[in-house]
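Structure first, then comments.
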Amino acid sequence: MYKLFYDDTKEEIYQIDPEGKKTVLADSFPSKPEYSPDKRKAIYISPLEWECPGSLYLYDLENGHISELVTPDENQNIPKYAIWLDNKTIALIIGFGAGTTQIGGNVYTINTNEIELKQVTNYSREIQITKLELKHNSLELMGIKYNDDTFNEFVAFNDKIPLDKIN
């Protein structure tokens, strides 16, 4: 099995092969890897930096293979946050990658076997989901809701989606 090591100081991900050889896997401000429940796969976004178009990557810890799952689209929408729902399903936030008001986005899922992206939420731009958590058979959505026309003032926004409504 391969291993991943995230260096907080250098903001890099290293791959450690079965023989112990360490090589840089991602050095452009990647997110910390998130491991699947069975610990056979990992996901990360690289780069994950303000106004830098990043992609969501899938890393297979059994064979060291990397797949680019979600790339920036023609409208500059990028993956911003991702977690595992189960061993084959990822929930992620995709939103506009430029500017200061669209700090999050809407929620999507992607099946790693079929590489099929599905939109889960369709909030207006006033609602920006910025974090996801898996809790008690539901997906907890956290973010902000702008409450003025200039997108300067906001309040906390929370929502919950039962997992059986997602898959």
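The values are calculated or read from the model by the stated rules, or taken from the named source; none is laboratory data. Treat the numbers as computed from the prediction; the structure is a model and nothing was measured. Cβ sites come from the backbone with ideal geometry, for glycine too, and all protein chains shown count toward neighbours. Side chains are part of the model used for accessible areas, which takes the heavy atoms of the whole protein and leaves out ligands, DNA and RNA. Shrake-Rupley method; radii C 1.70, N 1.55, O 1.52, S 1.80 Å.
Express the carbon and sulfur contribution to the solvent-accessible surface of the chain as a percent, rounded to the nearest whole number, probe 1.4 angstrom.
46 percent
To the nearest 20 debye, what is the magnitude of the charge dipole of the chain about its Cα centre, counting +1 on the Cβ of each Lys and Arg and -1 on the Cβ of each Asp and Glu? Don't skip to the answer; put the middle values down first.
Numbers: 17 positive and 27 negative charges, 90 e Å.
Taking the Cα centre of the chain as origin, the dipole is about 440 debye.
Of TRP50, PRO72, ILE16, which is farthest towards the positive pole of region 3-124's charge dipole, taken about the Cα centre with +1 and -1 on the beta-carbons of Lys, Arg and Asp, Glu respectively?
About the Cα centre, the residue reaching furthest to the positive side is ILE16.
Among (i) 1.07; (ii) 2.80; (iii) 1.15, only one was calculated for this model; which label is it, if the read-out is Cα Rg over 2.2 N^0.38 Å?
(i)
Could you state the number of Å between the C-alpha centres of region 16-73 and region 118-167?
If we compute the Cα centre of each part, the gap is 25 Å.
Hey, which lysines would be in cross-link range of LYS145, C-alpha to C-alpha under 16 Å, not counting anything within fewer than 8 residues on its own chain?
LYS131, LYS160
How many Å² of accessible area per residue for the chain, probe 1.4 Å? Provide the component values of the computation, followed by the final result.
Values: 9470 Å² over 167 residues.
Per-residue value: 57 Å².
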